[in-house]
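Encoded as structure tokens, the structure appears first; notes follow it.
The values are calculated or read from the model by the stated rules, or taken from the named source; none is laboratory data. Everything quoted here is computed from the prediction, not taken from an experiment. Neighbour counts are summed over all protein chains in view; Cβ atoms, including those assigned to glycine, are modelled from backbone coordinates with ideal geometry. Please note that ligands, DNA and RNA were not included when accessible areas were found on the heavy atoms of the full protein model with its side chains. Shrake-Rupley method; radii C 1.70, N 1.55, O 1.52, S 1.80 Å.
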Amino acid sequence: MSEETLFSKIVNREIPAEILYQDDRVTAFRDIHPQAPTHILIVPNKIIPTVNDVSEEDEAVLGHLFVVARHLAEVEGVAEDGYRLLVNCGRNANQEIFHLHMHLLGGRQLGPMVSRPRL
């Protein structure tokens, strides 16, 4: 097993967090530095450091992340107006915690993901 992370400690309830959903595969909790009115992190309970570390055995859990994201978007009231799901991979993508996680952001207009070049 990979080294413990901040997120694995939240999954194991060793440190506090506002957990919104948890089952045997994933845990979802509010981001402590929200970038939108709704900002939830959804993590696999198994430590997978980055997308580059995903294996075929992780397919079901990663698909489950999307099912849980859809459910939480509905519960949070952002499903109809739209929301963003974001996964960073590695330092250049600004991944801060090396435990794969999906951000669910919504509740306001989020704007473009990347600045568009001017022609």
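Once the chain from residue 53 to residue 94 is taken as fully extended at 0.36 nm per residue, the excess over their C-alpha distance is 13.1 nm. Taking Cβ atoms as reference points and 11 Å as the exclusive limit, the residues near residue 110 contribute a net charge of +1, counting Lys and Arg as +1 and Asp and Glu as -1.
Across the chain, Cα pairs under 8 Å and at least six residues apart give a relative contact order of 29 percent. Measuring nothing but protein heavy atoms, the accessible surface of the chain at 1.4 Å probe radius is 50 percent carbon and sulfur. For the chain, the longest principal axis of the C-alpha atoms and the axis of helix 59-76 are separated by about 50°. Among 103, 33, 71, the largest mean-square fluctuation in a Gaussian network model of the chain, built with springs joining Cα atoms closer than 10 Å, belongs to 33.
The residues of the chain expose on average 65 square angstrom of accessible surface per residue, using a 1.4 Å probe on protein heavy atoms. Counting only DSSP beta bridges with both residues in the chain, the antiparallel share comes to about 100 percent.
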